[in-house]
1. Return the percentage of antiparallel bridges among DSSP beta bridges fully within the chain, rounded to the nearest 5 %.
2. Taking the Cβ-Cβ separation of C330 and I158 as r and a Förster radius of 22 Å, what is the calculated FRET efficiency to the nearest 0.05?
3. Would you mind working out the magnitude of the charge dipole of the chain relative to its Cα centre, with +1 at each Lys and Arg C-beta and -1 at each Asp and Glu C-beta, to the nearest 20 Debye?
4. If I take every Cα pair under 8 Å that is 6 or more residues apart in the chain, average their sequence separation and divide by the length, what percent do I get for the relative contact order?
5. By how many nm would the segment from Y381 to E148 grow when fully extended, if each residue of separation counts as 0.36 nm and the alpha-carbon distance is taken off?
6. Could I have the simple spin-label model distance between V238 and N264, label points 7 Å from Cα toward Cβ, reported in nm to one decimal?
7. Using 1/(1 + (r/R0)^6) with R0 = 30 angstrom and r between the beta carbons of M195 and S256, what's the FRET efficiency to the nearest 0.05?
8. Note down the magnitude of the dipole of the stretch 256-394 about its Cα centre, charges +1 on Lys and Arg C-beta and -1 on Asp and Glu C-beta and zero elsewhere, to the nearest 20 debye.
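The values are calculated or read from the model by the stated rules, or taken from the named source; none is laboratory data. Since the model is a prediction, treat every value here as computed from it, not as a measurement. Reconstructed Cβ throughout: ideal geometry from the backbone, glycine too, with neighbour counts over all protein chains shown. Calculation scope for accessible area: heavy atoms of the full protein, side chains included, ligands and nucleic acids excluded. Shrake-Rupley method; radii C 1.70, N 1.55, O 1.52, S 1.80 Å.
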Amino acid sequence: MVSVTSEASRSRSKKVCVIGAGPAGLVSARELRKEGHKVVVLEQNGDVGGQWLYQPNVEEEDPLGRSSGSINGELKVHSSIYSSLRLTSPREIMGYSDFPFVAKKGRDMRRFPGHKELWLYLKDFCEAFGLREMIRFNVKVEFVREEEEDDDGVKRWIVRSKEKLSGKVLEEIFDAVVVATGHYSHPRLPNIKGMDSWKRKQIHSHVYRVPDPFRNEVVVVVGNSMSGQDISMELVEVAKEVHLSSKTLDISSGLSKVISKHPNLLIHPQIETLEDDGRVIFVDGSWVVADTILYCTGYSYKFPFLESKGRIEVDDDRVGPLFEHTFPPCLSPSLSFVGIPRKLIGFPFFEAQAKWIAQVLSGKSSLPSSDQMLQSVAEFYRSRDLAGVPKHNTHDIADFTYCDKYADYVGFPHLEEWRKLLCLSALNNSQENLETYRDSWDDHELLQEALQSSHFTNLNS
């Protein structure tokens, strides 16, 4: 019995490569190391934070974020955060389970702080758990490729990376790879007639940083997303006119209030065509001559470094097949993804994913068979199709029940009720009071319940 135990303990520790040191990659590194694995994190930028590491200089990036001309289909700029961006959720709900996102004196103490405050939180998390020693900065992953299976049928991965500063190329073998590269970098662009020949300025919000370059311009903002609304409200202060093109004219009362307040902010349906004379023609026949079109049309999933021989593909932003958005059935558990799902309370979910991956790799948890996982994925796709969810929204969850079900895989606590209610409260407030919801709220009782919960009161214990 003793020999079996020692053999198990020897095989339990894996050498794992985590790609990305953003919110998903950092918590993955922590959980993997906690489970006894040897972890190397490869990060292309010079600091932690991923998307939250603000990059003000976007001059070298293609205005539409098209990466086709670059080596390996990569962008020059990772972050899509603009200067004035503030969180759309209150800080109380955003922290990892054992590291609350508390206000600190001398910093941005608002409940809905600016992006720098969340980046500082991630740096604090990194320091508190000694994660920096596992991270190699300014390292670009060039490819991840499965090595030939050895005699015992174990999958391993070749990871080739390149140091940005020295140009040194390194090839290493890992037992497992965790992909945590985010999904807010590669622009998703609409297909509009005349788009390729329209001679005036077109940019994607990926490269939008400040409103000043649009001063006195007529700007068409495409996409009525949170960022589309935020950027429109910012542009309306400097632009001559802002025309917001939306899939639907059935808009929230919050946006209606903003439009009624600003005579130079107008709402339109979708664009029919772009004309060479600068006209933007909408599907209702109305038109405007624009200086700039700004696409706030979201982002696509891309993994240009991953060579999976077609066993994991991105089809219209459906990354698959992935069992529970995490494990590719044919390549699990040695390949996994953290942070694919959208429209959920991210950090606790990433943490649950990281714990599950760490425990599956150590043998503490097990996965269903490959066939069972594939069947589960097929059933999930079928349910999405029946619900009329477009393929490109496959990973938009927007369901607390799913988060709790996922947590059960690894014995992770369910989302606290106050966390769910504060999330919904902020969402409802933004629908009613788009301009003011970050600074004016009425969820004081919920907030007190949150601050008296063990998530916050265990802080000093």
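1. Once the DSSP bridges in the chain are tallied, antiparallel ones form about 45 percent.
2. That gives a FRET efficiency of 0.80.
3. I would put it at about 800 debye.
4. Computed value for the chain: 18 percent relative contact order.
5. 80.8 nm
6. 1.2 nm
7. 0.55
8. Dipole size: approximately 700 debye.
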